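Would you mind keeping the following structure in view while I ask a few things?
The values are calculated or read from the model by the stated rules, or taken from the named source; none is laboratory data. Keep in mind that what you see is a predicted model, and the values were worked out from it rather than measured. When we count neighbours, we look across all protein chains shown, and the Cβ atoms used for this are built from the backbone with ideal geometry, even at glycine. Surface areas here come from the heavy atoms of the whole protein model, side chains and all, with no ligands, DNA or RNA. Shrake-Rupley method; radii C 1.70, N 1.55, O 1.52, S 1.80 Å.
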Amino acid sequence: MKKFKVINILDLLDILGEEGLRHYLLEFKCPLNLEIEQFVLDNAIEFAKKKISITYLVINSNDDMAAIFTLTHKAVEISNSGLSNSRRKKIGRYADLNTESDRFVVSAYLVAQFGKNYAINDGNSISGNELMELTFEILQKVQREIGGGIVYLECEDNPKLLRFYQNEENRFAIFDERYSKEDNTKYIQLYAIV
Ligand SMILES: CC(C)(COP(=O)(O)OP(=O)(O)OC[C@H]1O[C@@H](n2cnc3c(N)ncnc32)[C@H](O)[C@@H]1OP(=O)(O)O)[C@@H](O)C(=O)NCCC(=O)NCCS
């Protein structure tokens, strides 16, 4: 039996109803990144209903929420210079090169939220690598249905997080950074091939 099940929040909404789902989402605690916790409580249901982004809940064998991730798709620019030939070839499949700016304009999948539930500490917790594997399983299903092949995400300039995304299993690569005035934060942008 699989250790974890992944369920689309809209399917869980059908099963539990809105009040039941809201109550269940209160289980999610992410003190390392309160923005994700806030998103789960305040936006995840609404955004899914409006199809802005879809949150997936990762459920462990005790039926507790071990983690969440949120997916959507969005246009992003990736600079052509500095890409290896093989990456350039792969990105070129899914993107147009703007020759003036020498940047690819890519329609990419976006991992908009990604975090473990730190309220789970009974041996049924999930590792970040396992969570990424489950995220890619969903992306590969979507890819099989409608195509596409680049995924990206934005993360704070934190060495531990950057190491995690770029490790041997997850294989994301940094392509740019973005300063958000709203959050007063610099985000590092990373992409991977699905
Ligand atoms: C990203 C994540 C899924 C990786 O999981 P993992 O590989 O199993 O790693 P861990 O949870 O053990 O964290 C690894 C280290 O990074 C640190 N860390 C994780 N997220 C962090 C964050 N947002 N800010 C600062 N440090 C963080 C942990 O404290 C830990 O430090 P330690 O090695 O000194 O104990 C998980 O760390 C997580 O859910 N973090 C909180 C949410 C988050 O920040 N998501 C990323 C948004 S871009």
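L71 versus (1) of a type outside the set (S, T, Y); (2) within 16 Å of the ligand (Cβ to nearest atom); (3) surrounded by 17 or more Cβ atoms within 10 Å (Cβ to Cβ); (4) part of a loop (DSSP other than H, G, I, E, B): which is the lone unmet condition?
Just one mismatch for L71, condition (4).
Let me ask something else about it. Looking only at the range 9-20, decide whether some residue is open to solvent by less than 30 Å² (accessible area, probe 1.4 Å), part of a strand (DSSP E or B) and hydrophobic (A, V, I, L, M, F, W, C).
For the range 9-20, residues open to solvent by less than 30 Å² (accessible area, probe 1.4 Å), part of a strand (DSSP E or B) and hydrophobic (A, V, I, L, M, F, W, C): absent.
In addition: Using the structure shown, decide if L97 is within 13 Å of the ligand (Cβ to nearest atom) and of a type in the set (A, V, I, L, M, F, W, C).
On the way: within 13 Å of the ligand (Cβ to nearest atom): no; of a type in the set (A, V, I, L, M, F, W, C): yes.
Answer is no for this residue.
Filter the range 25-55 down to the residues that are among the acidic types (D, E) and within 11 Å of the ligand (Cβ to nearest atom) and list them by number.
Initially, the range 25-55 is screened for residues among the acidic types (D, E), giving 27, 35, 37, 42, 46.
Scanning the range 25-55 gives E35, E37.
Turning to a different aspect of this structure: Tell me which residues, restricted to the range 84-124, are surrounded by fewer than 20 Cβ atoms within 10 Å (Cβ to Cβ), assigned to a loop (DSSP other than H, G, I, E, B) and touching a residue at least 60 places away in the same chain (Cβ under 8 Å).
Kept after step one, since they are surrounded by fewer than 20 Cβ atoms within 10 Å (Cβ to Cβ), are these residues of the range 84-124: 84-90, 92-94, 96-103, 105, 107, 110, 118-124.
Filter once more, so that each one left must be assigned to a loop (DSSP other than H, G, I, E, B): 84, 99-102, 118-124.
If the condition is that a residue be surrounded by fewer than 20 Cβ atoms within 10 Å (Cβ to Cβ), assigned to a loop (DSSP other than H, G, I, E, B) and touching a residue at least 60 places away in the same chain (Cβ under 8 Å), then Y118, A119, I120, D122, N124 are the ones that fit.
From the set of residues in the range 74-83 that are part of a strand (DSSP E or B) and more than 16 Å from the ligand (Cβ to nearest atom), which is surrounded by the most Cβ atoms within 10 Å (Cβ to Cβ)?
So in the range 74-83, the residues part of a strand (DSSP E or B) come out as 74-79.
Add one more test, that the residue is more than 16 Å from the ligand (Cβ to nearest atom), and what stays is 75, 77-79.
Working: A75: 10, E77: 15, I78: 23, S79: 12.
Selected residue: I78.
Among the residues of the range 21-44, what is the count of those that are in contact with a strand residue (DSSP E or B) (Cβ under 7 Å, 6 or more places away or on another chain), surrounded by fewer than 16 Cβ atoms within 10 Å (Cβ to Cβ) and under 14 Å from F69 (Cα atoms)?
Number of matching residues: 0.
Hey, among the residues in the range 145-194 that are in contact with a Gly (Cβ under 9 Å, 6 or more places away or on another chain) and assigned to a strand (DSSP E or B), which one's most open to solvent (accessible area, probe 1.4 Å)?
I193
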